[in-house]
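K.L.:
Just passing along the structure, written as structure tokens.
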């Protein structure tokens, strides 16, 4: 009489439940161990991103301020403002102070007073550049004699102060020019007080004109995120009275989630001033604070 062999084998329901429970326990233990490193990585990424944003914004500001027309920086509140304004320069050089003796290209320009030299106290419309030729665009501004630390004078209309503007007209635009031809319609007497030993002039590009960095609505919300922004404004013209923020022109967002921001302009040293910048960015309850001091050369 034969016997049955090869009985089927398998898992019972109880065994399956035990395996699932054990697997869940192991998964929970693993999650507890890896949670902290994963959270730490996420936090590090957030901090690195905030630091990078703040650092890039301050680098851009520092680069701009180092090209500012001497004594053109102004803030609404010197003790710590959320706005800072200045006139950037594209180029600069020295002007002729003695007559060219009949050989100047300015001789053919209507309104030229001193044969290629720059005549202070007179309505002069042309002067020669001493040194390397320059490129000009129609509407570029020329600033001469910016010496007063209040910062207002380079923004004023022609003839209103010791530091004034001149606009290069279409006839003066072009590449490789050795003369600066000033707008005859806007020309006025440069006061003799604008003449300095360095005999320098600065070129403010028409594409930039005045520039403002503005911290708008800084603060923090209930979620622990900063509420403000750091924005750059440019090409809005020249305002005799500082506008905060300026109207018109162009603007670009440099940083968001701004919690705190301030600009302090120290003019205690008239020749070598200092701009101190503080920027705090907050996300998810964590903050990154950056502080930078920018040296400003106010020697025309």
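K.L.:
Would you check if residue 187 is at pLDDT below 85, touching a strand residue (DSSP E or B) at 6+ places or on another chain (Cβ under 9 Å) and either assigned to a loop (DSSP other than H, G, I, E, B) or within 30 Å of residue 254 (Cβ to Cβ) (or both)?
P.N.:
Against the criterion (at pLDDT below 85, touching a strand residue (DSSP E or B) at 6+ places or on another chain (Cβ under 9 Å) and either assigned to a loop (DSSP other than H, G, I, E, B) or within 30 Å of residue 254 (Cβ to Cβ) (or both)), residue 187 qualifies.
K.L.:
Also, quick follow-up: Does segment 20-57 hold any residues that are over 30 Å from residue 288 (Cα atoms) and at pLDDT 80 or above, and which are they?
P.N.:
20, 21, 22, 23, 24, 25, 26, listed by residue number.
K.L.:
For segment 270-287, which residues satisfy the criterion of being more than 27 Å from residue 145 (Cα to Cα) and over 20 Å from the mean Cα position of the chain (by Cα)?
P.N.:
Within segment 270-287, 282, 283, 284, 285, 286, 287 qualify.
K.L.:
For residues that are in contact with a helix residue (DSSP H, G or I) (Cβ under 6 Å, 6 or more places away or on another chain) and under 14 Å from residue 255 (Cα atoms), tally how many sit in segment 284-300.
P.N.:
Looking only at that region, the number is 2.
K.L.:
In the set 218, 245, which member is assigned to a loop (DSSP other than H, G, I, E, B), buried (at least 18 other Cβ atoms within 10 Å of the Cβ) and not assigned by TED's automatic domain parsing to the domain that holds residue 144?
P.N.:
218
The values are calculated or read from the model by the stated rules, or taken from the named source; none is laboratory data. What you are looking at is a predicted structure, and each value in this text was computed from that prediction instead of being measured. For neighbour counting, all protein chains shown are included, and Cβ atoms are generated from backbone atoms with ideal geometry for every residue, glycine included.
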